[in-house]
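*Asks:* Below are the structure tokens for one structure; questions will follow.
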Amino acid sequence: MLFRSQPSISRDKYNMLQYTVAFVSEFSAHFGISQQQALNYLVRFKGLAHLEEFYNILHTHSFNDSIDALAKVCRNNGGRL
């Protein structure tokens with residue numbers, strides 16, 4: 001089985017990775033862009049760095065609230081979505 005063994009990263013990092021994957025998917029659906037475009041946008045306009053820094057807060061909010069927050073961060077850094 002692929003997932004029976006413990007991941008080689010900490011449980012916290014694993015949870016953050018899982019959340020980030022889900023977030024990128026929701027972000028892409030919200031804006032009608034591909035997941036690759038969403039990821040590139042979030043990296044380019046510092047949304048992903050913000051998500052990593054404030055994960056402990058963001059993951060307790062709804063995806064819609066987190067999408068709004070990160071979209072604003074991206075707009076403040078030159079993004080136009």
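The values are calculated or read from the model by the stated rules, or taken from the named source; none is laboratory data. The structure presented is a predicted model; accordingly, all values stated were derived computationally and were not measured. Heads up, the Cβs are rebuilt from the backbone with ideal geometry, glycines too, and the neighbour counts pull from every protein chain shown. Heavy atoms of the whole protein, side chains included, go into the accessibility calculation; ligands, DNA and RNA do not. Shrake-Rupley method; radii C 1.70, N 1.55, O 1.52, S 1.80 Å.
*Asks:* Show the residue pairs meeting these rules: Cβ distance below 7 Å; 6+ apart or different chains; first residue within the range 1-20 and within 22 Å of S66 (Cβ to Cβ); second residue at pLDDT below 90 and in a loop (DSSP other than H, G, I, E, B).
*Replies:* Close Cβ pairs (under 7 Å, with a partner that is at pLDDT below 90 and in a loop (DSSP other than H, G, I, E, B)) amount to Y14/P7.
*Asks:* Tell me, yes or no, whether the range 47-55 has at least one residue that is part of a loop (DSSP other than H, G, I, E, B), out of contact with any helix residue (DSSP H, G or I) (no Cβ under 8 Å at 6 or more places or on another chain) and open to solvent by less than 90 Å² (accessible area, probe 1.4 Å).
*Replies:* The answer is yes; a qualifying residue exists.
Yes/no matrix, rows are residues, columns are (1) touching a Phe, Trp or Tyr at 6+ places or on another chain (Cβ under 8 Å); (2) touching a residue at least 40 places away in the same chain (Cβ under 8 Å):
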position	(1), (2)
A38	yes, no
H59	yes, yes
S66	yes, yes
N76	no, no
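*Asks:* Hey, among the residues in the range 35-46 that are farther than 16 Å from A22 by Cα and open to solvent by 70 Å² or more (accessible area, probe 1.4 Å), which one's nearest to the chain's Cα centre (by Cα)?
*Replies:* K46
*Asks:* When you scan the range 62-77, do you find a residue that is open to solvent by less than 50 Å² (accessible area, probe 1.4 Å), at pLDDT 95 or above and in a loop (DSSP other than H, G, I, E, B), even just one?
*Replies:* No, every residue in the range 62-77 fails to be open to solvent by less than 50 Å² (accessible area, probe 1.4 Å), at pLDDT 95 or above and in a loop (DSSP other than H, G, I, E, B).
*Asks:* If F23 meets every condition in (1) open to solvent by 70 Å² or more (accessible area, probe 1.4 Å); (2) outside any loop (DSSP other than H, G, I, E, B) apart from one, which number is that one?
*Replies:* It fails just one condition, (1).
*Asks:* Mind checking which residues of the range 23-81 are small (G, A, S) and out of contact with any His (no Cβ under 9 Å at 6 or more places or on another chain)?
*Replies:* Once the filter is applied, which keeps residues that are small (G, A, S) and out of contact with any His (no Cβ under 9 Å at 6 or more places or on another chain), the range 23-81 yields S25, S28, A29, G32, S34, G47, A49, S62, G78, G79.
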